[in-house]
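Quick notes on the structure that follows.
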């Protein structure tokens, strides 16, 4: 099987399974979450078998999906799954804020330094922008789940947050080009 197709399946397969069970069950989170958790664990296992490593972001996401999905089912309260994106984005924002105290440089530079060469000022600015972005996503998720229907929130998680993240990333190209180090 094609490795890039497997990557696509491990990235989006659990989400597709969640949507299938959510809409097939008449929009019931309690029915959709268990297959989502199982699919996530299978995807992480496949990543491990293929690469002998699991990237930190999918691993953290998988742990939080399992934890908050399990809490949602156990307590029969969807609030746990609603706050998962808020908590993930706050954790990412905090990691970018405090990471430089442990690494002496912006965390983004550690994560992306091999793919992009920027000046220190460029890394600092990019790091700050991503901090604001992650906290902004946390606030946005809170606003959506507290003011909209469950179905709207479920769709917003995929059809809202993913495009917003993509658009934000595209808007960083100008900063990257401005502070890029030509080797």
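Rule-based calculations on the coordinates, nothing more; no lab input. What you see is a predicted model; the values in this text were computed from it and never measured. Ideal geometry is used to build each Cβ from the backbone, glycine not excepted, and the neighbour counts take in all protein chains shown.
Quick one: which helices (runs of 4 or more DSSP H) sit completely within the stretch 72-181 and have at least 3 residues that are in contact (Cβ under 8 Å) with a residue 24 or more places away in the chain and farther than 25 Å from residue 37 by Cβ?
79-103, 120-147, 173-179
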>> Taking the condition of being loosely packed, with under 15 Cβ neighbours inside 10 Å and either assigned to a loop (DSSP other than H, G, I, E, B) or free of Cβ contacts under 8 Å to residues at least 40 places away in the same chain (or both), how many residues in the stretch 8-30 meet it?
In response: 10
>> Could you check the stretch 31-71 and list, in sequence order, the residues that are outside any helix (DSSP H, G or I) and within 15 Å of the chain's Cα centre (by Cα)?
In response: 54, 55
